[in-house]
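Peer 1: For reference, the structure I am asking about is given below.
The values are calculated or read from the model by the stated rules, or taken from the named source; none is laboratory data. Because the structure is predicted, anything quoted here is derived from the model rather than measured. Neighbour counts run over all protein chains shown; Cβ positions are idealised from the backbone, glycine included.
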Amino acid sequence: MRLLQIILTVLAVPVMAALVVAGGRVVKGHESVITVDQIDPIADALPTGGSDTLPASGSDAGQEPTTSAIPAPAAPQSPNPVVHSRAIDPDVVAPPELSDQELERVEPRAPLSDLALAGPPKPRKTKMPDGGDGTKLFQPIATAAGLIKAKDYSIAVSGIDAVKESETCSDEGKPWGCGVRARTAFRAFLRGRTVVCAVPPQGGQAAIPAKCWVGNKDVGLWLVENGWARAAQGGPYVEAENKARSEKKGIFGPAPKLDGLPAVPAMSGPAPVAPDSILPADGGAVTPPVDQPAPAQ
């Protein structure tokens, strides 16, 4: 039995050697050949146009020569090329020799939408708190206590005697500008809010007497009861004026005090003394320095 194993081992060695040789030949037959192109500096220095074939040197002398294609250089460009912003059609654009009489003026095109025609808000009709018909006036301006300008309207609040801007009042024999103060108070009351007034459809330059409201507040009543206007004789605000007079409000009272301004702080302690460096030794007056002449060379 042992003899049989030795015989099989001896026979297997040449069989394995034959298989190894045969496998090597198969792998060598399927071997891939990869060719790497190399850059030849001599070929790159050739003149323009076409390609030249140069033989390789050294160990590559038996191989095929390398071919290099050199592109032609671009055409020379002018230093300052002329660039047109747009193409001009001579049939559409009139030449300069034509006179104005030969040109045709066309109408401008219509706006793309109605948004281009939008303007400030127009007055709108509405109901007033007392039940009457009114018109909303936006961004009112008080030119005086009781006078309003808004849009194309100039309105004098009805039922009152408006206080003019130039009017002055007396406070213990001293005049003060009650007209300016009344206008300032009226502006603070309006402060750009919408006013509803009973005005005609069209405005005008002349002041239109009308009753006005700001929210639920009667504008004329507010002016009279705060003393910034006088009630018209026989009007609805006579009692409000009498009450304002008795309470000395607005133009019926004293001049307004400037209590809201900060007081100037009083100086306490001794007065500040200038430093000794700028005071003369004898305590006299300080004299400005005199320019000394330059020493002679």
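Peer 1: Criterion first (at pLDDT 90 or above, crowded, with 16+ Cβ neighbours inside 10 Å and more than 39 Å from the chain's Cα centre (by Cα)) does G146 satisfy it?
Peer 2: So G146 does not fit the description; no.
Peer 1: Output the residues belonging to the stretch 183-212 that are without any contact (Cβ under 8 Å) to a residue 24 or more places away in the chain and closer than 23 Å to T168 by Cα.
Peer 2: T184, A188
Peer 1: Could you go through the stretch 240-248 and let me know if any residue there is buried (at least 19 other Cβ atoms within 10 Å of the Cβ), touching a residue at least 40 places away in the same chain (Cβ under 8 Å) and out of contact with any His (no Cβ under 9 Å at 6 or more places or on another chain).
Peer 2: No, because not a single residue in the stretch 240-248 is buried (at least 19 other Cβ atoms within 10 Å of the Cβ), touching a residue at least 40 places away in the same chain (Cβ under 8 Å) and out of contact with any His (no Cβ under 9 Å at 6 or more places or on another chain).
Peer 1: Quick one: is S158 among the hydroxyl-bearing types (S, T, Y) and either farther than 19 Å from L221 by Cα or free of Cβ contacts under 8 Å to residues at least 12 places away in the same chain (or both)?
Peer 2: For S158, the condition - among the hydroxyl-bearing types (S, T, Y) and either farther than 19 Å from L221 by Cα or free of Cβ contacts under 8 Å to residues at least 12 places away in the same chain (or both) - is not met.
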